Amino acid sequence: MSTVTPAMFTYALGDDAVLVPRTAALAEAHHTLLMANYERLAHWDPDYDTERRPTLEETRARLERQGGAWVEGRQLPLDIAVPAGQDWQLVGAVTLNCDMQMRVGELGYWIDPAFEGRGLVTRAATAVLDQAFKHLDLDRVELRTGTDNTRSRSVAHHLGFTEEGLLREAVIFPNGSRDDDVVYGLLAREWLATREQGGPHHRRK
């Protein structure tokens, strides 16, 4: 299988990348990308169990559930892609989980290491935050990451998130080990003021 796929709809992040809705139509390409990054993702995210990797059909079912959550207004699941001829090569993911009653979202993102340093995550997160605060009318977006995930923390700071605290041993991994999480928060008024001033600038992250 390949990470290259056609797409019915894309959202441009510039001339060199797009966001693609992460639906079941992308199952094979997304699964290939996921498997290539599984070990690295498992270091930070307890949802990734290296002792039991998902099958293609399990990935497809998960994407179907995410599509349903999108229709219900609970999640915005997107993949980051770069041009590959007439199609698109999937290189990363960005997700916004929404609690519309509380008007709060939680942002997550990751990218294949071969595509780090191009500003793709920053641009993708910027597009999602614009959607969160300008169109979904959220008041706050949170972000949680491991203390040693320096690239993720750098992106959070660059986007204007405030580091709000440390959750000690808040995460438990499939092997039973625990780790700390750093919590970041961004308010709608902070983001909108930053955008009015022309930021955040898309430096390479």
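FYI, it's all coordinate maths here, none of it is from the lab. Owing to the predicted nature of the structure, the values given are computational and were not obtained by experimental measurement. Note that we place each Cβ from the backbone using ideal geometry, even for glycine, and neighbour counts take in every protein chain shown.
If each of residue 57 and residue 196 carries a label point 7 Å out from its Cα toward its Cβ, how far apart are those two points in nm?
5.4 nm
Place the peptides 149-156, 38-45, 124-131 in order of packing, highest mean first, counting for every residue the other Cβ atoms within 10 Å and averaging per peptide.
For the peptides 149-156, 38-45, 124-131, the packing ranking is 124-131, 149-156, 38-45.
Please give the calculated 222 nm ellipticity per residue for the chain, where each DSSP H segment of at least 4 residues contributes -39500 (n - 2.57) and the sum is spread over every residue; nearest 500 deg cm²/dmol?
-10000 deg cm²/dmol
If contacts are Cα pairs under 8 angstrom and at least 6 residues apart, what is the relative contact order of the chain in percent?
After rounding, I find 18 percent.
Could you give the dipole magnitude of the stretch 1-98 about its Cα centre, charging the beta-carbon of Lys and Arg +1 and that of Asp and Glu -1, in debye to the nearest 20?
Using Cβ point charges on Lys, Arg, Asp and Glu, the stretch 1-98 gives about 160 debye.
How high is the relative contact order of the stretch 78-197, in percent, counting Cα pairs under 8 Å that sit 6 or more residues apart?
Contact order relative to length: 20 percent.
Where Lys and Arg each count +1 and Asp and Glu each count -1, what net charge lies around residue 5 among other residues with Cβ under 12 Å from its Cβ?
Here the charged neighbours net out to -2.
From the phi angles alone, apply the Karplus equation (6.51, -1.76, 1.60; θ = phi - 60°) to the stretch 96-110 and give each ³J(HN,Hα) in whole Hz, x where the residue is Gly or Pro.
With coefficients 6.51, -1.76 and 1.60, one gets 10, 8, 10, 10, 5, 5, 8, 6, 10, x, 10, 9, x, 7, 7 Hz.
Would you please put 10-22, 79-91, 48-60 in order of how densely packed they are, using the mean number of other Cβ atoms within 10 angstrom per residue and starting with the highest?
79-91, 10-22, 48-60
Stretched out fully, how many nm does the piece from residue 69 to residue 24 gain, at 0.36 nm a residue minus the Cα gap?
Stretched fully, the residue 69-residue 24 segment lengthens by 14.9 nm.
Compute the label zone of residue 187 within the stretch 145-173: residues whose backbone N is under 12 Å from the point 7 Å along Cα-to-Cβ.
What the label zone holds, given the 12 Å backbone N cut-off, is 162.
Through the Karplus equation 6.51 cos²θ - 1.76 cosθ + 1.60, θ set to phi - 60°, convert the phi angles of the stretch 38-55 into ³J(HN,Hα) values in whole Hz; use x for Gly and Pro.
So the J values, rounded to whole Hz, are 4, 4, 5, 5, 5, 5, 10, 10, x, 6, 9, 9, 5, 7, 8, 6, x, 7.
Determine ³J(HN,Hα), in whole Hz, for all residues of the stretch 68-76 in sequence, where each value follows from phi through the Karplus function 6.51 cos²θ - 1.76 cosθ + 1.60 and θ = phi - 60°; x replaces Gly and Pro.
Per residue, the Karplus-derived 3J(HN,Hα) values read x, 5, 5, 4, 7, x, 9, 7, 10 Hz.
Under a point-charge model restricted to the Cβ atoms of Lys and Arg (+1) and Asp and Glu (-1), what is the dipole moment magnitude of the chain relative to its Cα centre, in debye to the nearest 20?
Rounded to the nearest 20 debye, it is 380 debye.
Can you give me the relative contact order of the stretch 37-129 as a percent, contacts being Cα pairs under 8 Å and 6 or more apart?
About 17 percent, as a whole number.
When the chain is fully extended, how far beyond the present Cα-Cα distance does residue 100 get from residue 114, taking 0.36 nm per residue of separation?
Stretched out fully, the residue 100 to residue 114 stretch lengthens by 1.5 nm.
Where both partners of a DSSP beta bridge lie in the chain, what percent of those bridges are antiparallel, to the nearest 5?
Taking every DSSP beta bridge within the chain, about 95 percent pair in antiparallel fashion.
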